[in-house]
1. Consider only pairs whose beta carbons are under 6 Å apart and that are at least six residues apart or on different chains; among these, list those whose first residue lies in segment 179-194 and is touching a residue at least 24 places away in the same chain (Cβ under 8 Å) and whose second residue is not in a helix (DSSP H, G or I).
2. Considering each of Ala196, Ala211 in turn, give the residue that is of a type in the set (A, V, I, L, M) and closer than 20 Å to Ala6 by Cβ.
3. Of (1) more than 29 Å from Ala209 (Cβ to Cβ); (2) free of Cβ contacts under 8 Å to residues at least 60 places away in the same chain; (3) part of a helix (DSSP H, G or I), Glu170 satisfies all except one. Which?
4. So, Leu208, is that one under 18 Å from the mean Cα position of the chain (by Cα), crowded, with 21+ Cβ neighbours inside 10 Å, over 24 Å from Leu93 (Cα atoms) and in contact (Cβ under 8 Å) with a residue 24 or more places away in the chain or not?
5. Could you identify the single residue in Ala197, Ala141 that is assigned to a helix (DSSP H, G or I), among the aliphatic types (A, V, I, L, M), buried (at least 22 other Cβ atoms within 10 Å of the Cβ) and at negative phi?
Amino acid sequence: MAHRRASHLYRLALAVAALGTLASGAALIDVLRGVSVREAHAEHLRLFGETLTAPAVNLAAAVMLPLAALGVAAIALGSRAGIAQVLAQHRFLRALDVVGPLPAHPEVVVVRDRKLHAFCAGYLRPRVFISTGTQHTLAAAELDAVLAHEAHHRLRRDPLRIAAARALCEALFFLPVLRRLTERYSALAELSADAAAVARSGGDPAPLASAMLHFGGASDSAVVGIAPERIDHLLGATPTWRLPCTLLACAAVSIAATALLAWQLGRSALITTTLNLPLLSGQPCVLVLAGVPFALAAAAMWAIRRRA
């Protein structure tokens, strides 16, 4: 039951994210198609005998520009979040003190750590990791239940799913319902893995519950506490959660409005400008060319200072 609910919820989140991406992307493409950089189409001003250029937009373009800015922000934030998660995962895996495979479970990796850890990590090829503290503390039945729990995450590729969902949340920040759906999917993924572990134990929740007590009693602040909903689920309670209908309705209205504006105004949006900076001479600007080395030097100094 939790497995099906998690799948349905993840598909719903992906559908909302796909529609939001298409709507904002359509607005960005329409604005880019409406840009004209021909000198003949640019606005010209005469000041003290000098011909100056100035960009101009019509009403349709003025309405579309904020939507296009959302599209640019979505691309930038989504790319940054995705790259940051990949790099963080890579650093984390490289920092592990790997002992070797777990006896009788060669697909499980043992890392040297006295603290209790058991997790699934990796995006394209996820693997299950446990610490030596977990290996020596848990009984055989408890360890099997924990491994079944993490193996379910590996088979479902939950690390990749959650990372992708979080990147979409960062990219489509103007759709807060995605964050709620992602948080709920993460909770349902744990319940689904718990159900797989109980099934592996022949329907007996005691080994998993006992292992959860060990992890819950760990003094390490890095160990995430056991959610009360997981305890209730082991006791047979049906998880109760309602879809954020208000947020879903707001997201639907926002996406529909963006798509409608892109459809109606995108074809008539027009931005006339030149390749020169605004309000500078229509002739090739020597000042711009002269400022390029200074801009590069300033960028290099900023990067060095930030790195330091």
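1. From segment 179-194, the pairs are Arg180/Pro244.
2. Values: Ala211 fails: closer than 20 Å to Ala6 by Cβ.
Unique residue meeting the criteria: Ala196.
3. Unmet condition: (2).
4. On the way: under 18 Å from the mean Cα position of the chain (by Cα): no; crowded, with 21+ Cβ neighbours inside 10 Å: yes; over 24 Å from Leu93 (Cα atoms): yes; in contact (Cβ under 8 Å) with a residue 24 or more places away in the chain: yes.
For Leu208, the condition - under 18 Å from the mean Cα position of the chain (by Cα), crowded, with 21+ Cβ neighbours inside 10 Å, over 24 Å from Leu93 (Cα atoms) and in contact (Cβ under 8 Å) with a residue 24 or more places away in the chain - is not met.
5. Values: Ala141 fails: buried (at least 22 other Cβ atoms within 10 Å of the Cβ).
Criteria check complete, one pass: Ala197.
The numbers here are math on the coordinates, done by the rules we state, and not lab data. No experiment lies behind these values; they were computed from the predicted model shown. Because the Cβ atoms are built from the backbone with ideal geometry, glycine has one as well, and the counts that use them run over all protein chains shown.
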